[in-house]
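Colleague: Could you have a look at this structure, given as structure tokens, before my questions?
The values are calculated or read from the model by the stated rules, or taken from the named source; none is laboratory data. Remember, it's a predicted structure, so these values are computed and weren't measured experimentally. All Cβ positions, glycine included, derive from the backbone under ideal geometry; neighbour counts span all protein chains shown. To get the accessible areas, we keep the full protein, side chains included, count just its heavy atoms, and leave off ligands, DNA and RNA. Shrake-Rupley method; radii C 1.70, N 1.55, O 1.52, S 1.80 Å.
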Amino acid sequence: MILTTINVNGIRAAVKERSEENLGLLPWLAETKSDVVCLQETRADDGQLAEALAPALADGWQLASAEPHMKGRNGVAVLSRTPITAARVGLGDEFASHGRYLEVDTADVTVASVYVPTGEAETDKQVEKERFMAQLAGRMAELSRKRKGVVVCGDWNIAASELDIKAWKNNVKKSGFLPSERQWLAELMAAGWTDVVRELHPEVAGPYSWWSWRGKAFDNDAGWRIDYHLANAKLAPRATQARVERAEAYALRWSDHAPVTVHYEGSA
């Protein structure tokens, strides 16, 4: 199984972006070897999402989605080349309809697409982020007891360590690199989840998966690694390759994130 996660920064924008150069999400989907693709920040209801992805669906991709509860925000989805046999939307009562969490069963594994809130230190937004993190940790504790392979993919909006953010010294008091957030991720991994991209790329800066549109962040590779595959003990040992599909140039980008792709070998 080859699995990719990508925050599309708006599904309709990702489809239209660079379309004249035959780039964007749809050409990427037509060319990728991935079997499953997790999408975040679709910013579209189910109908708009299906319309934007119509060419990919006509090519045989299966779609499950969790639409946002507020227009123009959030939204997650999973595309699969194999049948999606079950889909579960949301976390708890508060985040049941926020369009931030979706898990599916496909190809004998469970795959979740998650979009953790951005947060803002010392504000109500950060308190909401922490509530979401608590609900997500609870669900992952349940998933960890499954006997089959499970992977939770997406935009976690947290850089796990100094290796995961270029300008870490400037961000230690900002949401996304707070000590409490990094500790939360560390506790997930201590509980049996593996950051498979870091496992395959130990002790190196990045590989970053998000860069600001502003300034020279992309050209200087001044990015953040915030898009993770966290796999359970059944699936993690099967990860053999991992890469960030970084555009060759700023002008070729169709999202502020890049696809993060992992190859999982063997059977579940």
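Colleague: Can you confirm whether GLY192 is in contact with a Ser or Thr (Cβ under 7 Å, 6 or more places away or on another chain) and not in a strand (DSSP E or B)?
Modeller: Yes, satisfied.
Colleague: Just give me the residues in the range 195-230 being buried (at least 16 other Cβ atoms within 10 Å of the Cβ), out of contact with any helix residue (DSSP H, G or I) (no Cβ under 6 Å at 6 or more places or on another chain), part of a loop (DSSP other than H, G, I, E, B) and not small (Gly, Ala, Ser), in sequence order.
Modeller: Selection gives HIS201, PRO207, TYR208, TRP211, ILE226.
Colleague: Right, another one. Does GLU122 satisfy being open to solvent by less than 10 Å² (accessible area, probe 1.4 Å), more than 22 Å from ALA239 (Cβ to Cβ) and of a type outside the set (S, T, N, Q)?
Modeller: no
Colleague: Suppose we keep only residues that are acidic (Asp, Glu) and either surrounded by 21 or more Cβ atoms within 10 Å (Cβ to Cβ) or within 16 Å of the chain's Cα centre (by Cα) (or both) within the range 67-119. Which one would you say is farthest from LYS146 (Cα to Cα)?
Modeller: That would be GLU67.
Colleague: Provide a single number: the residues in the range 45-66 that are open to solvent by 20 Å² or more (accessible area, probe 1.4 Å) and not hydroxyl-bearing (Ser, Thr, Tyr).
Modeller: 14
Colleague: What about ASN170, is it under 23 Å from VAL36 (Cα atoms) and of a type in the set (S, T, N, Q)?
Modeller: Taking the combined requirement at face value, the residue does not satisfy it.
Colleague: Could I ask something else about it? Can you tell me how many residues within the range 102-122 are without any contact (Cβ under 8 Å) to a residue 40 or more places away in the chain and at positive phi?
Modeller: Here the count works out to 1.
Colleague: Now for a different question. Can you say whether ARG246 is surrounded by 12 or more Cβ atoms within 10 Å (Cβ to Cβ) and in a loop (DSSP other than H, G, I, E, B), as far as the supplied structure shows?
Modeller: Yes, satisfied.
Colleague: Which one is surrounded by the most Cβ atoms within 10 Å (Cβ to Cβ), of the residues in the range 249-268 that are among the hydroxyl-bearing types (Ser, Thr, Tyr) and within 21 Å of TYR228 (Cβ to Cβ)?
Modeller: TYR264
Colleague: Which members of the range 2-31 meet the condition of being of a type in the set (Ser, Thr, Tyr) and in contact (Cβ under 8 Å) with a residue 60 or more places away in the chain?
Modeller: Once the filter is applied, which keeps residues that are of a type in the set (Ser, Thr, Tyr) and in contact (Cβ under 8 Å) with a residue 60 or more places away in the chain, the range 2-31 yields THR4, THR5.
Colleague: Give me the pairs, please: first residue somewhere in the range 128-148 and open to solvent by 30 Å² or more (accessible area, probe 1.4 Å), second residue anywhere and among the aliphatic types (A, V, I, L, M) and not in a loop (DSSP other than H, G, I, E, B), beta-carbon distance under 6 Å, and either six or more positions apart or on two chains.
Modeller: Pairs found: GLN135/LEU91; ARG139/LEU91.
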